[in-house]
Amino acid sequence: MILVTGGAGYIGSHVVKLLLDSNFEVLVIDNLSTGFKKAVDNRAIFVEADLGNKEELDKMFIKFNITGVIHFAASAYVGESVLKPQKYYKNNVITTINLLEAMLSHKVEKIIFSSSCAVYGNPTGQVIIETEKNNPINPYGHTKLICEKILENYSRAYNLTYINLRYFNVAGGHPTGVIGEYHNPETHLIPRVLEHLLGKYKDIRIFGNDYPTKDGTCIRDYIHVMDLAEAHKLALVALLKNHTINEVFNLGIGKGYSVKEVISKCEEVSGIKANIRYENRRIGDPAMLVASADKAKNELGWVPKYDINHMVSSAWKWHQNNPNGYTT
Ligand code: UFG
């Protein structure tokens with residue numbers, strides 16, 4: 001059985017569904033602080049608990065035959081992490097230490113960790129390879145890097161193997177339309193634009209148009225959540241078979257889109273014009289983050305299938321059908 005922490009969250013819920021569709025047994029633990037029970041496929045076993053609760057964790061490892069862990073549970077808003085670093089170190093670092101403690105004492109030796117391109121900070125090159133210097137510029141990125149280092153150190157000292165997956169900007173929803181991206185409040189660009197186009201917000205704010213990029217707005221590498229989920233499945237299989245251990249992979253498409261380009265794409269897909277308002281830069285935002293994903297393609301055999309059109313159109317479909325997300 002695979003334990004998925006944070007399996008009620010956006011990315012976690014899509015990975016859970018893919019694993020179940022691929023005949024894995026899945027146990028989800030989530031404290032529902034940002035996730036939604038409704039997002040969890042009912043074929044999974046669901047336990048509502050917090051990774052801060054060591055006794056609860058211990059009980060789960062005793063009760064279930066866990067063979068591997070995928071660890072999503074974390075706080076993941078770059079902007080908020082600047083304002084509330086304490087929350088981020090507690091929710092991201094301490095919980096990871098608790099989880100690893102439970103894994104080690106119950107001899108569970110395999111973990112896939114959700115890391116982020118935020119570990120790179122403000123890279124200098126055009127595309128980022130995994131050996132690029134780590135230099136986070138916000139607390140969120142620091143917490144992810146610390147967890148990566150913990151895994152590296154633990155794997156040398158104890159019976160533990162890991163794969164760190166560094167996500168770029170994840171977007172889109174499940175092709176069936178049954179699950180999608182919903183945060184409350186929403187801060188991520190694509191869902192925020194779509195919710196604006198559906199009338200939930202009166203405008204879309206662009207945080208900074210004076211970056212050293214082609215149109216002055218930040219550039220990100222957007223990756224479809226189902227491509228990301230597929231990469232998790234491949235990494236899990238490789239880790240369980242010991243084909244790939246103690247490695248780090250970027251997960252992005254290798255193509256950057258500016259904030260303005262993303263908004264135009266949302267207008268094109270929806271057929272609705274956005275009301276744009278320019279604001280100051282958001283603290284902690286790097287100008288440009290674009291992945292080289294060659295390593296994941298070559299070593300895990302990962303073949304991403306979806307482009308920005310699919311991401312926006314699957315997200316648009318989900319938001320149209322679920323204007324209140326998982327709350328109704
Ligand atoms: N943006 C706006 N207006 C908005 C929302 C976002 O202009 O209303 C801009 C941001 O300033 C940024 C870009 O759109 O330049 C993308 O912002 P997101 O909040 O969608 O995503 P981030 O790049 O900040 O963060 C996301 C994930 C993190 C991950 C990070 C890596 O939330 O978990 O990607 O870059 F670490």
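Just a few scattered comments:
- Residue-averaged 222 nm ellipticity for the chain, from DSSP H runs of 4+ at -39500 (n - 2.57), nearest 500: -11000 deg cm²/dmol
- Note on the stretch 127-174: the C-alpha convex hull projects to 5.2 nm² when averaged across all orientations.
- Spin-label pair Lys37-Asp307: with each label point 7 Å from Cα along the Cα-Cβ axis, the two points sit 4.2 nm from one another.
- Charging the Cβ of each Asp and Glu at -1 and of each Lys and Arg at +1, and nothing else, the dipole of the stretch 40-137 about its Cα centre rounds to 60 debye.
- Neighbourhood net charge (13 Å Cβ-Cβ; Lys/Arg +1, Asp/Glu -1) for Pro139: +3
- Ligands, DNA and RNA left out, the accessible area of the stretch 10-51 computed with a 1.4 Å probe is 45% carbon and sulfur.
- Candidate residues Ser313, Ser258, Ser33, Ser270: accessible-area rank, largest first, probe 1.4 Å: Ser33, Ser313, Ser270, Ser258
- Along principal axes, Cα extents of the stretch 150-198, largest first, whole Å: 52, 24, 17
- Entry note, the chain: relative contact order of 19 percent, from Cα contacts under 8 Å with a spacing of 6+ residues.
- Anisotropy class of the stretch 170-328 from Cα gyration tensor, a/c 1.5 cut: oblate
- Computed extension gain for Glu48 through Ala157, at 0.36 nm per residue and net of the alpha carbon distance, reaches 36.1 nm.
- Helix axis angle, 308-321 relative to the chain longest principal axis, alpha carbon, degrees: 90
- Stretching Lys87 away from Val237 to a fully extended chain increases their span by 50.7 nm, per 0.36 nm per residue minus the current alpha-carbon distance.
- The chain: angle of helix 54-63 to the longest principal axis, Cα-based, in degrees nearest 10: 60
- Highest-fluctuation residue, Ile204, Ile253, Ile111 considered, GNM on the chain with Cα pairs under 10 Å: Ile204
- Pairwise centroid distance, computed over Cα atoms, of the stretch 32-103 with the stretch 273-303, Å: 25
- Kirkwood hydrodynamic radius over Cα pairs of the stretch 13-113, then Stokes diffusion coefficient at 4 °C and 1.567 mPa s, in µm²/s: 90
- Heavy-atom accessible surface of the chain, averaged per residue, reaches 43 Å², computed with a 1.4 Å probe.
- The chain, dipole about Cα centre (Lys/Arg Cβ +1, Asp/Glu Cβ -1), debye to the nearest 20: 260
- With both labels modelled 7 Å from their Cα along Cα-to-Cβ, the Tyr201 to Lys297 distance reads 3.3 nm.
- Two numbers describe the Cα atoms of the stretch 228-284: Rg and Dmax, which are 18.6, 51 Å.
- One equal scatterer on each Cα of the chain, no solvent, Debye formula: the resulting log10 I(q)/I(0) at q = 0.10, 0.11, 0.13, 0.15 Å⁻¹ is -0.54, -0.66, -0.95, -1.30.
- GNM top mover of Val312, Val193, Val237 - the chain, alpha-carbon springs below 10 Å: Val237
- DSSP bridge orientation in the chain - percent antiparallel, rounded to nearest 5: 5
- Inter-part distance where the stretch 1-25 and the stretch 175-238 are each reduced to a Cα centre, Å: 20
- Solvent-accessible area, 1.4 Å probe, carbon plus sulfur percent, for the stretch 54-190: 53
- Per-residue surface analysis assigns Lys90 an accessible area of about 130 Å², computed on protein heavy atoms at 1.4 Å probe radius.
The values are calculated or read from the model by the stated rules, or taken from the named source; none is laboratory data. Model, not experiment: these values are computed from the prediction. Note that we place each Cβ from the backbone using ideal geometry, even for glycine, and neighbour counts take in every protein chain shown. Just so you know, the surface numbers come from the protein's heavy atoms only, side chains and all, with ligands and any DNA or RNA stripped out. Shrake-Rupley method; radii C 1.70, N 1.55, O 1.52, S 1.80 Å.
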